[in-house]
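Data block below; observations after.
The values are calculated or read from the model by the stated rules, or taken from the named source; none is laboratory data. Please read all numbers here as calculations on a predicted model, not as lab measurements. Cβ: placed from backbone, ideal geometry, glycine included. Neighbour counts: every protein chain shown.
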Amino acid sequence: MTEPVYSAEAFRRRALNQKGNPIEDAWRDHGDHVLNPSFVDFALALKLKDAAVLVPVVDDGADAKVILTQRTSTLRKHSGQIAFPGGAIDPEDGSAEKAALREAEEEIGLDRRFVEPIARLPRYYSSTGFRITPVLAVVRRGFQLTLNPTEVDEAFEVPLSFLMNAENHQRGSRVWEGAERHFYVMPYEERNIWGITAGILRTVYERLYA
């Protein structure tokens with residue numbers, strides 16, 4: 001019997017056999033980096049801080065789900081936006097994987113015992129000063145989330161099949177620092193997934209499903 005395309009097991013296999021250039025060399029090839037080469041150059045000129053985000057894909061039968069968060073409106077950066085759990089890599093973390101797991105526990109109470117990190121995506125260079133390593137992971141059911149109210153207003157799940165459908169990848173633009181910036185937008189129900197999160201999801205699509 002054919003394995004469902006959007007199951008967590010299929011996601012795991014695809015994550016381990018990504019398309020395209022090696023991860024270390026491929027960051028310019030994907031997502032909204034392709035749409036904004038001048039902004040990438042701008043970001044590279046900044047003093048960048050290393051960060052990691054967890055891309056948590058929940059094993060939910062034929063159609064896995066992706067956990068996303070709504071950031072609080074009081075945060076200094078990316079307030080109110082849809083985001084993956086994540087943050088700066090601390091010296092004691094030792095790796096992007098450990099940082100992503102720690103941040104997911106701190107932000108939404110996702111117990112790392114339920115999380116299996118499986119692969120990385122190419123880094124995402126943010127014009128707000130972060131060099132972000134996305135960590136792809138499979139999450140098994142049984143977890144309970146406890147949100148940190150100073151960072152997260154809400155956590156919710158989106159079907160992987162929706163996020164990996166290119167028909168749901170719209171494009172938007174706005175003027176930032178005097179220049180037009182282009183980005184992906186993925187409206188889902190009453191929410192608007194865009195910016196860094198949509199750029200990373202687009203990279204997942206391009207390297208695993210396109």
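Output the residue which, of all residues in the range 41-61 that are touching a strand residue (DSSP E or B) at 6+ places or on another chain (Cβ under 7 Å) and more than 20 Å from TYR209 (Cβ to Cβ), is surrounded by the most Cβ atoms within 10 Å (Cβ to Cβ).
First, pick out the residues of the range 41-61 that are touching a strand residue (DSSP E or B) at 6+ places or on another chain (Cβ under 7 Å): 43-44, 48-59.
If we keep only those that are more than 20 Å from TYR209 (Cβ to Cβ) as well, we get 43-44, 48-52.
Numbers: ALA43: 19, LEU44: 10, LEU48: 16, LYS49: 14, ASP50: 15, ALA51: 22, ALA52: 29.
Among them, the one singled out is ALA52.
If I go through the range 146-160 residue by residue, how many of them are under 16 Å from the mean Cα position of the chain (by Cα) and not in a strand (DSSP E or B)? The number of residues fulfilling the criteria is 1. Against the numbered list (1) over 21 Å from ALA10 (Cβ atoms); (2) touching a strand residue (DSSP E or B) at 6+ places or on another chain (Cβ under 9 Å), VAL138 comes up short only at (1). Here is a check on your reading of the model: is SER173 more than 23 Å from GLY20 (Cβ to Cβ) and touching a Phe, Trp or Tyr at 6+ places or on another chain (Cβ under 8 Å)? Yes: the conditions hold for SER173.
Whether a residue is in contact (Cβ under 8 Å) with a residue 40 or more places away in the chain and loosely packed, with under 14 Cβ neighbours inside 10 Å was assessed, and SER38 passes this test.
The number of residues in the range 25-53 that are in contact with a His (Cβ under 8 Å, 6 or more places away or on another chain) and among the small types (Gly, Ala, Ser) comes to 0. Taking the criterion of being farther than 23 Å from TYR6 by Cβ and either charged (D, E, K, R) or at pLDDT 85 or above (or both), the residues of the range 55-78 that qualify are GLN70, ARG71, ARG76, LYS77.
For (1) farther than 20 Å from ASP93 by Cα; (2) at pLDDT 90 or above; (3) among the polar types (S, T, N, Q); (4) out of contact with any helix residue (DSSP H, G or I) (no Cβ under 8 Å at 6 or more places or on another chain), each residue gets a yes or a no:
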residue: PHE114; (1), (2), (3), (4): no, yes, no, yes
residue: ILE118; (1), (2), (3), (4): no, yes, no, no
residue: TYR124; (1), (2), (3), (4): no, yes, no, no
residue: PRO134; (1), (2), (3), (4): no, yes, no, no
residue: ARG140; (1), (2), (3), (4): yes, yes, no, no
residue: GLU157; (1), (2), (3), (4): yes, yes, no, yes
residue: VAL185; (1), (2), (3), (4): yes, yes, no, no
residue: LEU201; (1), (2), (3), (4): yes, yes, no, no
residue: VAL204; (1), (2), (3), (4): yes, yes, no, no
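If the condition is being over 20 Å from ALA100 (Cβ atoms), among the hydrophobic types (A, V, I, L, M, F, W, C) and surrounded by 15 or more Cβ atoms within 10 Å (Cβ to Cβ), then the range 154-178 contributes PHE162, MET164. Scan the range 91-112 and give yes if some residue there is surrounded by fewer than 23 Cβ atoms within 10 Å (Cβ to Cβ), touching a residue at least 12 places away in the same chain (Cβ under 8 Å) and among the polar types (S, T, N, Q), otherwise no. Within the range 91-112, not a single residue is surrounded by fewer than 23 Cβ atoms within 10 Å (Cβ to Cβ), touching a residue at least 12 places away in the same chain (Cβ under 8 Å) and among the polar types (S, T, N, Q).
Could you list all residues from the range 9-52 that are polar (S, T, N, Q) and part of a strand (DSSP E or B)?
Initial filter on the range 9-52 (polar (S, T, N, Q)): 17-18, 21, 36, 38.
If the condition is that a residue be polar (S, T, N, Q) and part of a strand (DSSP E or B), then no residue fits.
Taking the residues in the range 142-153 that are in contact with a strand residue (DSSP E or B) (Cβ under 7 Å, 6 or more places away or on another chain) and at pLDDT below 95 as candidates, determine which candidate is surrounded by the most Cβ atoms within 10 Å (Cβ to Cβ). It would help to see each step written out before you state the result.
Within the range 142-153, the first condition is being in contact with a strand residue (DSSP E or B) (Cβ under 7 Å, 6 or more places away or on another chain), and the residues that meet it are 145, 147, 151-153.
Within this subset, residues satisfying the condition of being at pLDDT below 95 are 151-153.
On the way: GLU151: 18, VAL152: 21, ASP153: 13.
Per the criteria, the residue is VAL152.
With respect to the conditions (1) touching a residue at least 40 places away in the same chain (Cβ under 8 Å); (2) farther than 21 Å from SER38 by Cβ, GLY195 falls short on a single one, namely (2). Checking the structure you have, find out if any residue of the range 179-192 is closer than 16 Å to ALA43 by Cα and exposed (fewer than 12 other Cβ atoms within 10 Å of the Cβ). There is at least one residue in the range 179-192 that is closer than 16 Å to ALA43 by Cα and exposed (fewer than 12 other Cβ atoms within 10 Å of the Cβ).
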